[in-house]
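Just below is one structure, and these are the notes that go with it.
Every number here is computed from the coordinates shown, using simple stated rules; none is lab data. As the structure is a prediction and not an experimental result, all values here were calculated from the model. Cβ: placed from backbone, ideal geometry, glycine included. Neighbour counts: every protein chain shown.
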Amino acid sequence: MNLTTLILSISLTILVIYLFMVLIFSAFFMNNLLVWRSKKYTIPYGLEEGTQTRKALENPRIVYWVCENPQQKNPDDWVVLLHSFGRNSARMVERAAIYWKRRYSLVFVDSRSHGQSEYTITSQGFTYAEDAQRVIEAEGLDNPLIHGLSVGAIAGTIAASKVHVRALVAEALVNNYYDMVVDTITKANLPRFMFLWVAKLLFRLNLPFEENRPSRLLPLIKAPIFLIHGAEDDWFTVEKHFKPNFETIKDRNDVFTWVVPKSSHSQMAEHPDYFTELGKFLDFVEAFPPSITADRNLSSQKVQSTK
């Protein structure tokens, strides 16, 4: 093999590897590629009491669990829990403990292409919001609290801007989708000059990126909001994501925030004060009848300053 042939062969190999990486990178933002993660997991709430039901909606098939709390006092005391990207509803089991203890009934929703739900062509925050809304409608939940993590927080924010909710808890919520993609390039240690064009190409697709930008939707949610973010989140940083989101709703009286010390992305529930801080927010929400938040009037109540 002469030198020219060797150079061409090496160049072609590098090109093929690069194009393969571009394909994987693009697919990563269009769907869940982590399909090997376990589909066998247990949602514990309501099992011993015999009040848990595993259900599914079709087209696409969305699997979800309805866990009715035998001690539930108020018919509006429901929480919809939305997991992070590449995970499943088991990711939200630990976070749900405080709600069950406080006599809420729970709904866990597996996003399409995740967990036990059907694998579809695409799966994003937009589609997860659609899945959540379908479940809320199917179960006749008029005023649920929504608690979402990462992509689940995106889905929860979108859903909460379109349906009546009692409150929204959003953990590790991004500010906008372009920065989300660019920050993922950085997190993966990929050269920007080789992959940034892919991000720009993705945003030329006919998808509702701007319409569903979280920092645009948050002011539309006229119910209490709790923004939680890891102080050491080096994927979606406090400066680029949490602060711009908070800036849009900082003048409201029903907004709580917590930048969790020493916490990275999605690890906030491991902090020893997690349930204490979440409990303070729930105390605030529960101080008002569900009918007030259903009418979306709570943000105007003069009750408590933002934390």
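Worth a mention:
- For segment 98-105, the Karplus equation 6.51 cos²θ - 1.76 cosθ + 1.60, evaluated at θ = phi - 60°, returns couplings of 5, 5, 4, 5, 8, 6, 7, 8 Hz by residue, with Gly and Pro reported as x.
- For the residues ILE98, ILE221, ILE17, a GNM of the chain with alpha-carbon springs under 10 Å puts the largest fluctuation on ILE17.
- Antiparallel %, DSSP beta bridges [both residues in the chain], to 5: 30
- Taking each DSSP H run with n ≥ 4 as -39500 (n - 2.57) and averaging over every residue of the chain yields -11000 deg cm²/dmol at 222 nm.
- Around the amide H of PHE203, modelled in the peptide plane, lies no amide H under 5 Å away from a residue 5 or more places distant or on another chain.
- Put in line by how crowded their Cβ is, counting other Cβ atoms within 10 Å and starting with the fewest, LEU217, LEU196, LEU12 read LEU12, LEU196, LEU217.
- Within a Gaussian network of the chain (alpha carbon springs, distance under 10 Å), most fluctuating of TYR41, TYR177, TYR128: TYR41
- Of the beta bridges in segment 1-121, as assigned by DSSP with both residues counted there, near 65 percent are antiparallel.
- Gyration tensor (alpha-carbon) shape descriptor, segment 147-263, a/c threshold 1.5: oblate
- Cα centroid separation, segment 47-71 to segment 241-276: 29 Å.
- Which of LEU220, LEU57, LEU173 has the fewest Cβ neighbours within 10 Å, and the rest in rising order: LEU220, LEU57, LEU173
- Cα gyration tensor, segment 1-60 - rounded (a/c under 1.5), prolate or oblate: prolate
- Shape of segment 56-159, Cα gyration tensor, a/c cut at 1.5: prolate
- Relative pair counts by distance (%), Cα atoms of segment 153-219, 5 Å bins: 3, 16, 24, 19, 16, 12, 6, 3, 1
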